[in-house]
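I have placed the structure first, in the form of structure tokens, so that the comments after it can refer back to it.
The values are calculated or read from the model by the stated rules, or taken from the named source; none is laboratory data. Every value quoted in this text rests on a predicted model; they were computed, and no experiment measured them. Virtual Cβ from ideal backbone geometry, glycine too; neighbours counted across all protein chains shown. When the accessible area is computed, the model is the full protein with side chains, heavy atoms only, and any ligands, DNA or RNA have been set aside. Shrake-Rupley method; radii C 1.70, N 1.55, O 1.52, S 1.80 Å.
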Amino acid sequence: MTRQLHPTSPSELRLLPVSALPEDLAGLTPRVATAGPADLTDLRVMDHVLWPADLLSSDTELDDPRTEIRRMAQLRTLVGGARLDLTGAAAASRAAPGPTVRFGESSGTEDARRYLDFRDRLASARRDWPAEAVAWAEEVAAETDRALAVATTADADYRREVFDVLAVSPYAPEIDWGQLRPAGRGLAILYNFAPFADTGSTVASKRLRDFARTMDVISCSWVNHKKVDPTIGLLSRPYVESQRYLDMRPSWASWEAYEEFTREALDEIDYLAAQGADHDFLYSRANWAPSHYVATAYKLRHPGVEWLAEFSDPLSLDVEGKRRGDALDRSNPALGRLVAPVEAEYGRIPDDHFTIFGLAEILPYALAETILFTNEHQMAAMLENIYSPELAARVERHAEVSNHPTLPPVYYQARSVDYPVDPEKLNLAYFGEFYATRGITDLTVALKMLPAEVREHVHLHVFTNFVPVGGLSAKPAGFSTAQFKALVQRARDGVGAHGIEHQVTFNAALPYLEFLGVTAAFDYLIVNDAHSGPNHRVNPFLPSKWSDYAGSATSAWALVEQGSILSGKPAEVKTPVGDPNAARDMLWSLVERKIGGRIDA
């Protein structure tokens, strides 16, 4: 068809599809758009019609800046795979938009970025186009969402890749995740969960991302007990169909609180079932232990459900390998219903195992289809502690080992954090809490042992929940002043910066995604084994922080117990935990590497 710049007849000027479409538009089915001759100089229409590039460039009347027109033209093509017709009768009688961009033929990451580009263009259309064009674009947007849903509901790996990009995008709050999730629903019992800032809630969110299944979540409310971190929920939001918080006071080891949580959680699950939920998968995680009690009760009601029970650490053994947890009352009816099938199969549970933490291990051991441990040493230590050889054999048959999940780079790039460091210094960073068995005094003692001319090149950055009030830190509402001061002092003692205060900067803990982002600012990230004590044959603990450091572009320095799981991880630097002399020598070497020369002192 011939195009004319100045037609002599009043008939419409037909604008054919642009001949050279960008690669990302391959597969679209364009339709011809029309515009009247007067539209060539009518700027109200010029901004809303697809104009072929050669027509624009050949008309001297259009020499003023019209890059916006070309941008809008590309927008028309991407949004609909069709050309918009704004000429009266043609606009009113236009056919439905043609096929949209197809998804699932590239990687999930690539398709997600194409989809976000589409959302950018759609946002511009909503802002700049006339009402008729916006209505048309919304139809195309709905079609595009449906096309993406076809791809994401069909393949878990693809779905995870797409959701990783979309979940941290500015459009995440307005995406209809329900449309993109697969059919079928699982049930997650997670006593501590997003948005509350806690290692357990973070790892649980990462697990839900790994499962890539549609889930309902039952958890306890930690309002006034833990800080809220909205970024943790971004990891699992695409997969969570509903989330129910039970408004009760959290408890570490009170059977009354456990029983209340179990009763109310089952009521919530019954409500979900009444609304049509049919759960085919069950996930529970401890710490904290109440999750496994609820899951046991649900499993006994629904024996056909597939149950995966995760243990982050041994429950019935403390960090030194000693038994812990109060004994429970065998005459309690609720407990009786839970333990009856276990004792029928594996024999009477000994009194020293009939404890609040002991049963939280035994019940999943006997009933779960999958028992998930975070490392091999943890599994070995927990197997050794099982009272029944037959039960121990069952656990071995159903056991899987999976370290805490490490997230892909998109999460480390999701939040930009402006944290100043002196590039001339060796900058070390520690993120986390402090306990009697875990601190970084090895490093600060080593720092104090260095000659001043070496020590002055080192700076330690500490990010922890409990630092003196001010800046980003604040006393949680549920804490007394005395409690808060004690925790602040514990952090100070765990660092041991007395005498080198000017070389240590304390910072309040950052939201999770900001923490991931800021790791790139430092030279080394410090992670250390807990002192496991003489009662453990092997160290059963793997710091969850390792999983976060493993995904960072910054190298890690691990302070390790001999033979621990952490000692076998690919940290660039390793020194023995409890050996300040080894840390001192390593610091000296790292300083010389940083400044590019030897320091003789």
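For the stretch 336-394, what ratio Rg/Rh do Cα atoms give with a Kirkwood hydrodynamic radius?
0.94
Keeping the other protein chains in place, figure out the carbon and sulfur percent of the accessible area of the stretch 272-428, with a 1.4 Å probe.
The computed percentage sits at 48.
Using the Cβ atoms and a cut-off under 14 Å, what net charge is assigned to the surroundings of Val421, where Lys and Arg are +1 and Asp and Glu are -1? Provide the component values of the computation, followed by the final result.
Numbers: positive: Lys425, Lys594; negative: Asp418, Asp422, Glu424, Asp523.
Once positives and negatives cancel, what remains is -2.
If I model a spin label as a point 7 Å beyond the Cα along the Cα-Cβ vector, how far apart are those points for Ser106 and Ile599 in nm?
Taking the two extended label points, one gets 4.9 nm.
Return one whole number: the accessible area per residue of the stretch 337-392 in Å², for a 1.4 Å probe.
That works out to 35 Å² for each residue.
Any lysines with Cα under 22 Å of the Lys574 Cα? List them, leaving off those in the same chain fewer than 8 positions away.
Straight-line reach from Lys574, under 22 Å: Lys425, Lys448, Lys545, Lys594.
Relative to the Cα centre, what is the charge dipole magnitude of the stretch 300-433, using +1 at the beta carbon of each Lys and Arg, -1 at the beta carbon of each Asp and Glu, and rounding to the nearest 20 debye?
The dipole of the stretch 300-433 has a size of about 340 debye.
How much accessible area per residue does the stretch 149-208 have, counting only protein heavy atoms and a probe of 1.4 Å, in square angstrom?
Result: 30 Å² of accessible area for each residue.
When the accessible area of the stretch 110-264 is split by element with a 1.4 Å probe, what percent falls to carbon and sulfur? Write out the running numbers ahead of the final one.
On the way: 2820 of 5780 Å².
Within the stretch 110-264, the accessible surface is 49 percent carbon and sulfur.
With every protein chain left in place, what is the accessible area per residue of the stretch 212-298 in square angstrom, probe 1.4 Å?
37 Å²
Kirkwood hydrodynamic radius for the stretch 477-545: how many Å is it when counted over pairs of different Cα atoms?
For the stretch 477-545, the Kirkwood estimate is 15.5 Å.
Roughly how much of Thr505 is accessible, in Å² to the nearest 10, using a 1.4 Å probe?
Roll a 1.4 Å probe over it and Thr505 shows about 40 Å².
How big is the shadow of the Cα convex hull of the stretch 400-524, averaged over all directions, in nm²?
With the hull built on Cα positions only, its mean projection is 10.2 nm².
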